[in-house]
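The structure appears right after this line, and notes come after that.
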Amino acid sequence: QPFHQDRNDDAIELADGVWGAPVQGLCMVLPSLVVLEPVVGDQNARRVGKKYCQIRIPVEKLQRIELCEFERHEGEKGGKLRLLWDCGDAIGERFVVVWDSQFPGHVEGVTESIRENKEAIDLVHLEAASPHGHVTESEDEAVPELSRESMIFTDDMMVAIRKKIPKRFRLHDRWELLYSTAVHGISLGTFFRNSGWRAPSLLVVMDDKYNVFGAFCPAPWETHFTYFGTGECFVFRWKGVDGLQVFRWSQMNDFFQLARNGEGIAVGGGTNNAVRLDPDFLHGSSGPCETFNSPSLASSEEFKCLFCELWAFGD
């Protein structure tokens, strides 16, 4: 599906007056993200500048999606998708013209992360359509391969968490460490840079009493003025011999994720956050939270953070 670069002053200068020329690429609407990705070698993308064509839009920033038909040629109908989203100080806009609904698996310009997500979604759809297709129990029981050693996870813990995350992400056999206080130091800026637009992610904390808890976070970790995320978000705690306790969205409010420069990050809201970490990642809090109808997840409502890690699914 090609998409068009709309007019803006920088693009006109870079494109040498050829704004509006179609850029061939992919538009993917994922659970937490809309991705516009040009194919390698597209001349118009080179003229305009790849950074203007390669776009990641978190779903919570979308203002409107419009779908309409238009005449292509000889009576054929085509589809046009209009995307409007919040850019902070302006409203971004792109038109996606649908030419071919088939995914071009041979296109080298498709990044691996996008390809893996598409393959995972296709497999889920295939399993749903087949009376015998499913993710087997043995696959659910498999311990994920980690990109590097965790200071928090045990095998039992990872298997238990894997069973609770949405099915399309259980298909990934490898988990990638995006941020760790033990590896990258205690820095909120590094946390944001390393997490990038990756979503979903798994936030895991060990406090100074060795209690382990965390959250499945469906939206990318970016700074916002208010809460963001979706109802797939959930929080959990590890109770040792009692296993994993999971607390899903209660629908009492939609305070899923919060990230502010200088203030730290949080999951859940209302009277208390289910998980909150100060910007120095040394202290945090966890109290009874309306978002998930969850109790305090840590050893006490105010805790010291021993380790904090953020993991993504797939490379």
Any residue at all in the range 276-284 that is open to solvent by 60 Å² or more (accessible area, probe 1.4 Å), aliphatic (A, V, I, L, M) and in contact with a Cys (Cβ under 8 Å, 6 or more places away or on another chain)?
-> yes
Out of (1) closer than 23 Å to K61 by Cα; (2) modelled with pLDDT under 90; (3) among the β-branched types (V, I, T), the one I186 does not meet is (1)
Could you check the range 158-220 for strands (runs of 3 or more DSSP E) lying wholly inside it with 1 or more residues that are surrounded by fewer than 21 Cβ atoms within 10 Å (Cβ to Cβ)?
-> 174-180
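Restricting to the range 228-255, count the residues that are assigned to a loop (DSSP other than H, G, I, E, B), open to solvent by less than 60 Å² (accessible area, probe 1.4 Å) and of a type outside the set (V, I, T).
Going residue by residue through the range 228-255, those that are assigned to a loop (DSSP other than H, G, I, E, B) are 229-233, 239, 243, 249-255.
Next cut, open to solvent by less than 60 Å² (accessible area, probe 1.4 Å) only: 229-231, 233, 243, 250, 253.
Pick out the ones that are also of a type outside the set (V, I, T) and you get 229, 231, 233, 243, 250, 253.
Counting residues in the range 228-255 that are assigned to a loop (DSSP other than H, G, I, E, B), open to solvent by less than 60 Å² (accessible area, probe 1.4 Å) and of a type outside the set (V, I, T) gives 6.
From the residues in the range 304-315 that are open to solvent by 10 Å² or more (accessible area, probe 1.4 Å) and assigned to a strand (DSSP E or B), which one is nearest to I165 (Cα to Cα)?
To start, the set of residues in the range 304-315 that are open to solvent by 10 Å² or more (accessible area, probe 1.4 Å) comprises 304-307, 313, 315.
Keeping just the survivors that are assigned to a strand (DSSP E or B) gives 304-307, 313.
Working: K304: 27, C305: 24, L306: 25, F307: 22, F313: 10 Å.
Filtering the range 304-315 for residues that are open to solvent by 10 Å² or more (accessible area, probe 1.4 Å) and assigned to a strand (DSSP E or B), the one nearest to I165 (Cα to Cα) comes out as F313.
Of all strands (runs of 3 or more DSSP E) completely enclosed by the range 50-89, which ones contain at least 1 residues that are loosely packed, with under 12 Cβ neighbours inside 10 Å, modelled with pLDDT under 65 and of a type in the set (F, W, Y)? Don't jump to the end; show me each part of the working.
Numbers: elements: 55-58, 62-71, 77-86.
Where strands (runs of 3 or more DSSP E) fall fully within the range 50-89 and carry at least 1 residues being loosely packed, with under 12 Cβ neighbours inside 10 Å, modelled with pLDDT under 65 and of a type in the set (F, W, Y), they are 62-71.
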How many of the residues making up the range 233-261 are over 22 Å from W221 (Cα atoms) and touching a residue at least 60 places away in the same chain (Cβ under 8 Å)?
-> 3
Among the residues of the range 255-273, is any of a type in the set (A, V, I, L, M, F, W, C), under 22 Å from S150 (Cβ atoms) and touching a Ser or Thr at 6+ places or on another chain (Cβ under 9 Å)?
-> yes
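The values are calculated or read from the model by the stated rules, or taken from the named source; none is laboratory data. Since the model is a prediction, treat every value here as computed from it, not as a measurement. With ideal geometry, Cβ positions are generated from the backbone for all residues, glycine too; neighbour counts draw on all protein chains shown. What goes into the accessible areas is simple: the full protein's heavy atoms, side chains included, and nothing from ligands, DNA or RNA. Shrake-Rupley method; radii C 1.70, N 1.55, O 1.52, S 1.80 Å.
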